[in-house]
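Enquirer: Provided herewith is a single structure, encoded as structure tokens, for subsequent inquiry.
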Amino acid sequence: MKSIYHYVDGAVFKGTTDKFQAVLNPSVGKEQSQVALADKADVDHVIESARKAQPGWAAMNPQKRIRVLMEWIRLINANMDELAEMLALEHGKTFPDAKGDVMRGVDVLEFALGAPHQLKGEYSYGVGTGIDVYSLRQPLGVVAGITPFNFPAMIPLWKAGPALAAGNAFVLKPSERDPSVPVRLAELFVEAGGPKGVLNVVHGGKDAVDAILDSDTIKAVGFVGSTPIAQYIYERCAATGKRAQCFGGAKNHAIVLPDADIDHVADTLVGAAFGSAGERCMALSVVVPVGKDTADRLRDALIKKIPELTVGHCMDPDADYGALVTPEAKQRVEKLIAEGVDAGADLVVDGRELDMSGREFAGQSLAEGYYVGPTFFDNVTTEMSIYTEEIFGPVLSMVRAETLEEATELPNSHIYGNGVAIFTQNGGAARDFVNNVQVGMVGVNVPIPVPIAYHTFGGWKASAFGDLNQHGPDSFRFYTKTKTVTSRWPGDDSAGPQFTMPVMN
Ligand code: NAD
């Protein structure tokens, strides 16, 4: 059985523990490799390598650093198919979707090529006689990223790209469920000319994370994952004086007004609710049609479209989406579906009925894969667990509302506030909605409003802890500290010692 190890100083590091965790192939439901799990001593070794490498990297001028990033981008693109297949086989998402995962990460690397511009400080000439004030943006030192399973290329690159471009060394602790792509990305960074030790990868679970959080060398932590862990990491970073941005779970609503093109909405909803088996923090998992007629028309359209979906092996070009990441993830989704039924929701399409026995792809049986079919509930109400909890599976819940105000109140009172969308042809209604809704990322006739790389990405409420978003200009603010210099030339000390607060005359 293949083993996946840590990547430190440009080489494989086997670590000192004999702890491993199985890495699965969700499409066929089999273990395919095992990943080494680090303990504190291993993590400290990885951090120490980064600490030694960081000053030399920071001393390179920003243009030289971004030339390494340019070559890194070239190599990632040149190896796109290999990366996407590796990713799909560990995650279960389809090959084209896996390519999208890598490409949305590359987008942020491309944005990070603007580092020389982003790192420019401010300058005020002549604020007093012979006195100038200017500011520098300096790297923090060694920073860490702790990332989730659902975007094993995109999110590590969202974190590492701007951090590295700003002159930091980066320790990545990716998800232990799909660890291969992060290692391959770090290898490509070194192949691109990145100094060894500047980008290290360490695998592990809570022990490894806690060792990162307890390290005095780590100056900032960028986390993405579930809300309870996001909050834990944010609080622990605050206690040790580390900068932290921690992004959590989601429950994204789509509001559909009576004037929306229902057929188009049904198409986009099917993609946004079931794509990647619903394992996206921006998946649309709740649809809120306004008015009975809108709801009935949308229900009919969804009933027609959902059975047309093909669920299958990640490499099957006909598959619209693939398996969930683990058997536990499948069981959890099925448990929540059962809770929805028990609570009285109307189960219109039951994905638990999907039968993969007898299905094969490339000679491999799919019977043991972790598949759940597309599931659609109508008449969901706000106290049901299928509404309050993030399901993270291919389950779409319809909550009916009578007015736009009632519909808007749903995302506004939900604990999560990651993404939301409104479908309408009424510009005024959409504009008011954009202004009033208490959610960080809003789509107008766009189901998954993931901002492009030069804007920022981040939710509100329990979807994010911290004040700066991911990518865009915020990422450079997060990964740098400001130094403000007040300078006087030539030194003129003729006034003697000053005992009052200096003021600019
Ligand atoms: P997770 O919280 O289980 O794991 C995330 C990371 O935390 C992993 O690296 C994992 O090893 C580590 N971790 C897990 N348990 C830990 C513990 N007890 N102590 C310390 N570290 C621990 O999340 P996941 O299942 O990998 O990812 C899915 C979640 O991520 C969903 O909730 C999804 O909404 C969220 N997500 C959010 C965004 C966003 O930008 N808001 C983006 C992608 C995913």
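Enquirer: Can you spot a residue in the range 276-286 that is outside the structural domain of residue 147 (by TED's automatic domain parsing), in contact with an Asp or Glu (Cβ under 9 Å, 6 or more places away or on another chain) and more than 16 Å from the ligand (Cβ to nearest atom)?
Expert: No, because not a single residue in the range 276-286 is outside the structural domain of residue 147 (by TED's automatic domain parsing), in contact with an Asp or Glu (Cβ under 9 Å, 6 or more places away or on another chain) and more than 16 Å from the ligand (Cβ to nearest atom).
Enquirer: Is it the case that the range 175-193 has a residue that's at pLDDT below 95 and among the β-branched types (Val, Ile, Thr)?
Expert: Taking every residue of the range 175-193 in turn, none turns out to be at pLDDT below 95 and among the β-branched types (Val, Ile, Thr).
Enquirer: Check every one of the strands (runs of 3 or more DSSP E) wholly within the range 61-178 and list those with 1 or more residues that are touching a residue at least 24 places away in the same chain (Cβ under 8 Å), crowded, with 17+ Cβ neighbours inside 10 Å and not polar (S, T, N, Q).
Expert: Here the list reads 131-139, 142-146, 169-173.
Enquirer: Only one residue in 468, 410 is surrounded by fewer than 23 Cβ atoms within 10 Å (Cβ to Cβ), of a type in the set (A, V, I, L, M, F, W, C) and touching an Asp or Glu at 6+ places or on another chain (Cβ under 7 Å), so which one is that?
Expert: On inspection, the qualifying residue turns out to be 468.
Here's the yes/no breakdown for (1) more than 9 Å from the ligand (Cβ to nearest atom); (2) in the same structural domain as residue 426 (by TED's automatic domain parsing):
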position: 214; (1), (2): yes, no
position: 227; (1), (2): no, no
position: 243; (1), (2): yes, no
position: 259; (1), (2): yes, yes
position: 270; (1), (2): yes, yes
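Enquirer: Looking at the range 425-436, is at least one residue under 25 Å from residue 392 (Cβ atoms) and either over 22 Å from the mean Cα position of the chain (by Cα) or assigned to a helix (DSSP H, G or I) (or both)?
Expert: No; the residues of the range 425-436 include none that is under 25 Å from residue 392 (Cβ atoms) and either over 22 Å from the mean Cα position of the chain (by Cα) or assigned to a helix (DSSP H, G or I) (or both).
Enquirer: From the list 427, 496, 458, exactly one residue is within 30 Å of residue 164 (Cα to Cα) and not assigned by TED's automatic domain parsing to the domain that holds residue 158. Which is it?
Expert: On inspection, the qualifying residue turns out to be 458.
Enquirer: Taking the range 196-230, which residues are under 22 Å from residue 416 (Cα atoms) and touching a Phe, Trp or Tyr at 6+ places or on another chain (Cβ under 6 Å)?
Expert: Within the range 196-230, 224, 230 qualify.
Enquirer: Among the residues that make up the range 230-252, is at least one of them under 30 Å from residue 53 (Cβ atoms) and polar (S, T, N, Q)?
Expert: Yes - at least one qualifying residue is present in the range 230-252.
Quick grid of which residues meet (1) away from the ligand (no atom under 16 Å from the Cβ); (2) touching a His at 6+ places or on another chain (Cβ under 7 Å); (3) of a type in the set (Asp, Glu):
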position: 410; (1), (2), (3): yes, yes, no
position: 417; (1), (2), (3): no, no, no
position: 426; (1), (2), (3): yes, no, no
position: 444; (1), (2), (3): yes, no, no
position: 451; (1), (2), (3): no, no, no
position: 456; (1), (2), (3): no, yes, no
position: 479; (1), (2), (3): yes, no, no
position: 483; (1), (2), (3): yes, no, no
position: 503; (1), (2), (3): yes, no, no
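Enquirer: Same structure, new question: Read through the list (1) surrounded by 22 or more Cβ atoms within 10 Å (Cβ to Cβ); (2) within 21 Å of residue 201 (Cα to Cα), then give the number of the only condition that residue 13 fails.
Expert: Unmet condition: (1).
Enquirer: Identify the single condition in (1) over 17 Å from the mean Cα position of the chain (by Cα); (2) assigned to a loop (DSSP other than H, G, I, E, B); (3) crowded, with 21+ Cβ neighbours inside 10 Å; (4) not charged (D, E, K, R) that residue 189 does not satisfy, given that it satisfies every other one.
Expert: Status for residue 189: all satisfied but (2).
The values are calculated or read from the model by the stated rules, or taken from the named source; none is laboratory data. In this text, all values refer to a predicted model and were calculated from it rather than measured experimentally. Methodologically, a virtual Cβ is constructed for each residue, glycine included, from the backbone with ideal geometry; neighbour enumeration extends over all protein chains shown.
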